[in-house]
Structures are given as C-alpha cells and as structure tokens.
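The values are calculated or read from the model by the stated rules, or taken from the named source; none is laboratory data. Just so you know, these numbers come straight off a predicted model, no measurement behind them. Virtual Cβ from ideal backbone geometry, glycine too; neighbours counted across all protein chains shown.
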C-alpha cells in the first residue's frame, strides 16, 4: 500500500542521546515535512523539504536537523535530546505546493 | 510570524447535535485545508478551499472560506459518534510550508 512509513513507532530516550527518526515515502512526492504534535499546541512544523537536496526551517527547528538525499527519505535527527522534545512526531508529504498533505502514522518519543 | 488559531479548543456535543469549529489566520491565505485526526491516529485530509466565499459540502460536513480569505469554518450537521476526533485547519506560509491551527477536539456523547 502506497504511503509514508515512519520508524520507530515509539521510543524512550535518555536526555543527551542522539536519535534519528526515519521517514520513507513511496508516492514520489516532491515535498516532505516533519511536524511535532503536543496537546493544546496542534501540529507545529519543524523542517520541510520541497525537493531532494533542499531543506528549510519551519516554526520550531531548534534542536533538530534533517537531510533529503533522495526523493523518498527524509530523516529527522535530534543531536542531543532534551525532555522538551517529548512529543509525537509526524512525517508528511505532498506532491506539489498547495497539494494535500499525506501523513505517516507518527513516532511517539519520550525523552527522560 | 503567521498564526492560525482555532476555536473552540474542545467541544462536547450530544449525538445528533450540530457542531462548528472556526479557524482564523493572522494573514490572508491563498487557500485553506481541513484535516481530521481520529484518536490515536494521524491527520487525514478532508478538503481544500481556494476561492473567497467558497462553500463546499461533504455529506453532513459544510466548509466555508471567508470573503477576506482570513477565516474558515467547518460545520457538522447531526453529529454521529464516528465524527469524534480533532479537526485542524491549515494554511500556506510562504512556499512549501503549511501552518496548522491549534485544532478543535470533538467528543460526541451517545
């Protein structure tokens, strides 16, 4: 089934550790996004990429980095995790600007 | 920066009652999208509105885009338990960026 695959589904991480959340899409969409979802704050954009080889900062980029080496993969890295990064992380993609976003199932991350 | 706010944050309704959520942007939007997220799930695209004053319907759901293209609403007629979830609006911010509203969590009491 075409879509977005995120891994891991959930993770408990000690503060200070490095972590990479994986995201792969098989729809050949140009744009990909990372959002974090926290209760009462909705979905906040962390980073985005409008095509392979380019990335941009969203609303809350500090503490996170991304790369887009190819069309399908868009990993999100936390270089040194902090408790405030405890959240549910969603990866999404869209074919074109202004196209609907397709979301993965999310990664629930707890930083202790 | 651009902000997209939704009200109310929470809404509990009896099954069969109507429900409305409102979305307000600090800037004019070229279009607006609506998403639904079931409990424990991920956001799923519902609809996109582009024109000023546009109204679109999907069965019991009615979506409206304001004349000034800074606000939008989603109205559900005669809610059902299957309508439970969080409804988000999202608007473009620059190129290839969509900013989501804070969401309205709907609970339907049978």
- Task: Could you please let me know if residue A:35 is crowded, with 21+ Cβ neighbours inside 10 Å and touching a residue at least 12 places away in the same chain (Cβ under 8 Å)?
- Result: yes
- Enumerate the strands (runs of 3 or more DSSP E) found wholly within the range A:8-112, keeping only those where 1 or more residues are within 11 Å of chain B (Cβ to nearest Cβ). A:31-38, A:42-51, A:54-57, A:87-94, A:107-111
- Query: Among B:62, B:95, B:86, which is over 20 Å from residue A:88 (Cβ atoms) and outside any loop (DSSP other than H, G, I, E, B)?
  - Reply: B:62
- Task: Just give me the residues in the range B:48-59 being more than 12 Å from chain A (Cβ to nearest Cβ) and part of a strand (DSSP E or B), in sequence order.
- Result: B:55, B:56, B:57, B:58
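Can you tell me which residue is nearest to the chain's Cα centre (by Cα) among those in the range B:9-30 that are within 12 Å of chain A (Cβ to nearest Cβ) and either at pLDDT 95 or above or within 16 Å of residue B:85 (Cα to Cα) (or both)? Give the steps one after another, and end with the answer.
Initial filter on the range B:9-30 (within 12 Å of chain A (Cβ to nearest Cβ)): B:9-10, B:23, B:29-30.
Now restrict to residues that are either at pLDDT 95 or above or within 16 Å of residue B:85 (Cα to Cα) (or both): B:9-10, B:23.
Details: B:9: 12, B:10: 13, B:23: 7 Å.
Only one residue tops the list, namely B:23.
Residues are listed down the side, and each one gets a yes or a no for (1) modelled with pLDDT of 95 or more; (2) under 21 Å from residue A:17 (Cα atoms):
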{"residue": "A:33", "(1), (2)": "yes, no"}
{"residue": "A:41", "(1), (2)": "no, no"}
{"residue": "A:59", "(1), (2)": "no, no"}
{"residue": "A:66", "(1), (2)": "yes, yes"}
{"residue": "A:72", "(1), (2)": "yes, no"}
{"residue": "A:88", "(1), (2)": "yes, yes"}
{"residue": "A:93", "(1), (2)": "yes, no"}
{"residue": "A:96", "(1), (2)": "no, no"}
{"residue": "A:102", "(1), (2)": "yes, no"}
- Condition check for residue B:36: away from chain A (no Cβ under 14 Å), buried (at least 16 other Cβ atoms within 10 Å of the Cβ) and touching a residue at least 24 places away in the same chain (Cβ under 8 Å): no
- Residue identified as without any contact (Cβ under 8 Å) to a residue 24 or more places away in the chain, farther than 11 Å from residue A:93 by Cα and touching a strand residue (DSSP E or B) at 6+ places or on another chain (Cβ under 6 Å) among A:22, A:44: A:44
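Consider the range B:84-109. How many of its residues are at positive phi and either within 11 Å of chain A (Cβ to nearest Cβ) or surrounded by fewer than 20 Cβ atoms within 10 Å (Cβ to Cβ) (or both)? Break it down into steps so the answer makes sense when it comes.
First pass over the range B:84-109, keeping only residues at positive phi: B:85, B:94, B:96, B:103.
Adding the requirement that they be either within 11 Å of chain A (Cβ to nearest Cβ) or surrounded by fewer than 20 Cβ atoms within 10 Å (Cβ to Cβ) (or both) leaves B:94, B:96, B:103.
Adding up the residues that qualify gives 3.
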- With respect to residue B:78, is the statement that it is over 11 Å from the mean Cα position of the chain (by Cα) and either away from chain A (no Cβ under 14 Å) or not in a loop (DSSP other than H, G, I, E, B) (or both) true? yes
